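Please read the structure below before turning to the comments.
The values are calculated or read from the model by the stated rules, or taken from the named source; none is laboratory data. From a predicted model like this one, the values you see are computed outputs, not experimental measurements. FYI the Cβ positions are ideal-geometry reconstructions off the backbone, even for glycines, and counts take in every protein chain you see. SASA here: full protein model, heavy atoms, side chains in, ligands and nucleic acids out. Shrake-Rupley method; radii C 1.70, N 1.55, O 1.52, S 1.80 Å.
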Amino acid sequence: KAQRELYIGNLPLGTSAAMLQAVLNQAMAQRGLATGPGAPVINVWVSGENRFCFAEFRTVQDATNGLALNGTPFNGVQLRVGRP
């Protein structure tokens with residue numbers, strides 16, 4: 001499971017797990033990064049202080065491809081994406 005997770009930091013305040021999951025899945029689809037049909041991001045856990053999260057991907061390859069989302073603009077900030 002650890003290889004299927006990515007850390008995502010620099011979240012704007014008020015970000016919900018569902019909102020972020022939708023944005024990540026949309027960005028993966030738009031950039032052709034998903035390895036198959038359906039949503040590549042299957043779970044998102046947002047920290048209590050709402051500044052970072054961990055996103056769980058369907059496959060290790062989806063997670064590796066998700067590293068390309070580093071710097072993606074989201075609600076006025078650039079997301080920081082990396083391995084946990």
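Just so you know, in segment 36-63 the residues that are polar (S, T, N, Q) and at pLDDT 95 or above include one that is least open to solvent (accessible area, probe 1.4 Å), and it is 59.
Of the residues examined, residue 51 is not one that is under 11 Å from the mean Cα position of the chain (by Cα) and among the basic types (Lys, Arg). Taking the conditions (1) in contact with a Pro (Cβ under 9 Å, 6 or more places away or on another chain); (2) under 18 Å from residue 2 (Cβ atoms); (3) open to solvent by 40 Å² or more (accessible area, probe 1.4 Å) in turn, residue 66 satisfies each one other than (3).
Just one of (1) at positive phi; (2) touching a Pro at 6+ places or on another chain (Cβ under 9 Å) fails for residue 32. It is (2).
Close Cβ contacts (under 8 Å, 6 or more residues apart or on different chains) running from residues in segment 10-21 that are in contact (Cβ under 8 Å) with a residue 12 or more places away in the chain to residues that are in a helix (DSSP H, G or I) comprise 11/20.
Within segment 54-68, the residues that satisfy the criterion of being closer than 16 Å to residue 43 by Cβ and either more than 10 Å from the chain's Cα centre (by Cα) or aliphatic (A, V, I, L, M) (or both) are 55, 58, 59, 60, 62, 63. Just need a number here: residues in segment 71-83 that are outside any strand (DSSP E or B), open to solvent by 90 Å² or more (accessible area, probe 1.4 Å) and over 17 Å from residue 42 (Cα atoms). Counting residues in segment 71-83 that are outside any strand (DSSP E or B), open to solvent by 90 Å² or more (accessible area, probe 1.4 Å) and over 17 Å from residue 42 (Cα atoms) gives 1. Applying the criterion of being outside any loop (DSSP other than H, G, I, E, B) and of a type in the set (A, V, I, L, M, F, W, C) to the residues of segment 34-49, the residue that is nearest to residue 20 (Cα to Cα) is 44.
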